Amino acid sequence: MALDIRNDWDIIHVMNLIGALKAAARRSGMSMNQMSKRTGLAYQIVHGFLTKERDITVTSASKLADLFELELRPKAKKGGR
């Protein structure tokens, strides 16, 4: 499943998601091999994503998010609107 990015605002949110996944991977202390085995993703997918060689699908991102116990939720609105 490919992401449907329609404007610059969407790109900012995708970059935040990517950054959050990569930061969680670093904090986890797990090797890329461990991440691969625990998520069922091919090592090449995990390695490529974490070394900026490739993008990942939403399904792969979801598996990594589950591994790191991350969840996607709306941001709090600024200014009380």
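Rule-based calculations on the coordinates, nothing more; no lab input. Computed from a prediction, not measured in an experiment: that's the story for all the values here. Here the Cβ is made from the backbone with ideal geometry for all residues, glycine too, and neighbour counts use every protein chain on show.
Measuring r between the beta carbons of Ser28 and Lys78 and using R0 = 30 Å, the FRET efficiency lands at 0.50. Across region 23-37, coupling constants 3J(HN,Hα) worked out from phi with the 6.51/-1.76/1.60 Karplus curve, θ = phi - 60°, read 5, 5, 4, 5, 5, 5, x, 7, 6, 4, 5, 5, 4, 4, 5 Hz, and Gly and Pro carry x.
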